1. Which of rounded, prolate, oblate describes the stretch 94-161, given a ≥ b ≥ c as roots of the alpha-carbon gyration tensor eigenvalues and a/c under 1.5 marking rounded, otherwise prolate only if a/b is larger than b/c?
2. Where only protein heavy atoms count, and the probe is 1.4 Å, what is the accessible area per residue for the chain in Å²?
3. Lys and Arg at +1, Asp and Glu at -1: add these up for the other residues within a Cβ distance under 12 Å of residue 186 and post the number.
4. Would you mind telling me the share, in percent, of accessible area of the chain contributed by carbon and sulfur at probe 1.4 angstrom?
5. Longest exposed-loop-site-free stretch of the chain, with chymotrypsin sites (Phe, Trp or Tyr not before Pro), DSSP loop and at most 15 other Cβ within 10 Å?
6. Considering only the other residues whose Cβ falls under 10 Å of the Cβ of residue 115, what net charge follows from Lys and Arg at +1 and Asp and Glu at -1?
7. What are the extents of the Cα atoms of the chain along their three principal axes, listed from largest to smallest and rounded to whole Å?
8. For the stretch 1-121, what is Rg from Cα atoms divided by 2.2 N^0.38 Å, rounded to two decimals?
Amino acid sequence: MKEIPLLTANDVECRIKKITNEGAVLLLYKTARVDMRILDEVYGSMNWQRHHEMINGNLFCTISVWDSEKSQWVNKQDVGTESNAEAEKGQASDAFKRAGFAWGIGRELYDSPFIWISGKVSKYDRFHVTDIRYDREKQEFTRLTICDDKGKERYRLNGTKTDRQKAKEPTEEERRQKGIAAIAELVKKNNAAEAFADFLKQTTKKDDLNALTIDELQSVYKGFKKWLEGGK
């Protein structure tokens with residue numbers, strides 16, 4: 001079977017889930033038109049079909065795709081839920097979209113990040129996805145940009161989760177420089193440059209902080225601070 005393409009920015013729409021005094025929470029979704037277009041493009045308009053049926057009072061949709069290699073129809077089914085307006089039509093559309101998920105259409109939306117729009121938001125405001133990227137292998141969004149009707153950017157996500165974590169984690173050299181800066185501040189605050197020079201040489205047999213490891217820097221900081229608190 002052919003691979004389903006990832007959704008583009010034009011395929012994804014935004015819905016306001018919750019509004020507070022500080023902002024709003026948005027959800028991403030696809031419409032039934034997107035499912036139909038992708039099914040046409042991937043399998044051909046004459047090679048797929050849909051049908052609905054009631055099972056125990058619930059409306060199910062089955063999307064069938066013709067498998068030319070096996071010379072048979074392959075079926076995938078899911079159930080829909082009613083919408084606030086036009087319950088029967090909404091339920092049929094929802095069932096179709098859920099069956100589309102079963103075929104892999106827009107399944108990446110299940111991995112959508114938490115989307116918070118800060119600032120004043122009313123129920124009449126509309127938001128649009130202007131850029132969207134997804135890493136299928138890592139199963140996570142790498143980029144997502146959302147703007148309002150005025151074209152103002154209101155949300156941005158850059159990089160994979162791993163990339164963002166790495167960006168926040170300091171490097172070994174950054175940790176080293178942070179330790180040196182903390183010691184320098186402690187020495188300056190207590191006007192104890194000469195005392196620290198003696199302390200450093202006695203405890204490490206070294207006179208250059210840059211020659212110490214991160215663990216040694218932490219030990220020197222704690223040791224000299226304790227020495228200061230105990231009285232010079």
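The values are calculated or read from the model by the stated rules, or taken from the named source; none is laboratory data. Predicted model only: the values in this text are computed from it and were never measured. We place every Cβ from the backbone using ideal geometry, glycine too, and count neighbours over all the protein chains shown. Please note that ligands, DNA and RNA were not included when accessible areas were found on the heavy atoms of the full protein model with its side chains. Shrake-Rupley method; radii C 1.70, N 1.55, O 1.52, S 1.80 Å.
1. Since a/c reaches 1.5 but b/c is at least a/b, the shape of the stretch 94-161 is classed as oblate.
2. 66 Å²
3. Taking every other residue near residue 186 into account, the sum is +3.
4. C and S fraction of accessible area: 46 percent.
5. 1-113
6. That works out to +2.
7. That gives 86, 48, 37 Å along the principal axes, largest extent first.
8. It is 1.21.
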